[in-house]
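Comments concern the structure below.
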Amino acid sequence: MGLIKRVKKNFSSIFKNLFKKKTAKIGIYGPPNAGKTTLANRIIRDWTGDAMGAVSNVPHETRRARRREGVTIESNGSKVTLDIVDTPGLATKIDFHEFMAHGLEEEEAKRRAKEATEGIIEAVKWLDDLDGVILVMDATEDPFTQVNVTVIGNMEARKLPLLIAANKIDLPESSPARIRSAFPQHPLVPISALEGQNIDALYEEIADHFG
């Protein structure tokens, strides 16, 4: 058996054996503007009728981790109750000029950049308290970014079960196959969190692996 197949089998085994507890604490991670909060809102709205938070095109709009407890997902006879943690977008560098490019004044931009940096530190700390991770990637972009490679390496080092959500398949330039080819050792579901496309397949995967 090849190395990738062995790694994939080991992670699949971890998924199936780890989440036998009553509630699994799952973090939604990914780079800025990949669609993390949109996905968190979609999951929570579908199963509770509520929402996690506001969505914006401004990078790092989520600057603090937000947690929603007791979200029960059912699919194909499997049921799992999750505590969902929506985390700030992970980045290797935060420049306040990014915020100014979206119309913010310099003082506000610097304040947001500082908060976003603190949020990333908080998001990394949350990894110590999670049972698994849904990693949201923008399927319209090159998956081989420093952030994606670093995040996946970090999850693997911690032996945290990882499910990739290849988001934005509603856009014509999306290519989930590119992400699957880049990280074949992890389960992947192509979705549009915004439009709800293929979201039932994601729920099936969550219930199967986390239930």
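Which condition number does E156 fail, the rest of (1) in a loop (DSSP other than H, G, I, E, B); (2) surrounded by fewer than 18 Cβ atoms within 10 Å (Cβ to Cβ) being met?
Answer for E156: the failing condition is (1).
Mind checking which residues of the stretch 145-192 are among the basic types (K, R), touching a strand residue (DSSP E or B) at 6+ places or on another chain (Cβ under 7 Å) and closer than 25 Å to D131 by Cα?
R180
Take the residues of the stretch 190-206 that are surrounded by 20 or more Cβ atoms within 10 Å (Cβ to Cβ) and of a type in the set (A, V, I, L, M, F, W, C): which is modelled with the highest pLDDT?
I191
Counting just the residues of the stretch 122-153 that are more than 16 Å from I179 (Cβ to Cβ) and crowded, with 20+ Cβ neighbours inside 10 Å, which one comes out modelled with the lowest pLDDT?
By that ranking, first place goes to A123.
Can you confirm whether T150 is β-branched (V, I, T) and either over 15 Å from the mean Cα position of the chain (by Cα) or part of a loop (DSSP other than H, G, I, E, B) (or both)?
So T150 does not fit the description; no.
Could we say that P176 is closer than 19 Å to I28 by Cα, surrounded by 18 or more Cβ atoms within 10 Å (Cβ to Cβ) and in contact with a Pro (Cβ under 8 Å, 6 or more places away or on another chain) here?
Yes: the conditions hold for P176.
Give the residues of the stretch 1-54 that are modelled with pLDDT of 60 or more, within 24 Å of T145 (Cβ to Cβ), of a type in the set (V, I, T) and assigned to a helix (DSSP H, G or I), sorted by residue number.
Answer for the stretch 1-54, where residues must be modelled with pLDDT of 60 or more, within 24 Å of T145 (Cβ to Cβ), of a type in the set (V, I, T) and assigned to a helix (DSSP H, G or I): I4, T37, T38.
The values are calculated or read from the model by the stated rules, or taken from the named source; none is laboratory data. These figures come from a predicted structure and were not determined experimentally. With ideal geometry, Cβ positions are generated from the backbone for all residues, glycine too; neighbour counts draw on all protein chains shown.
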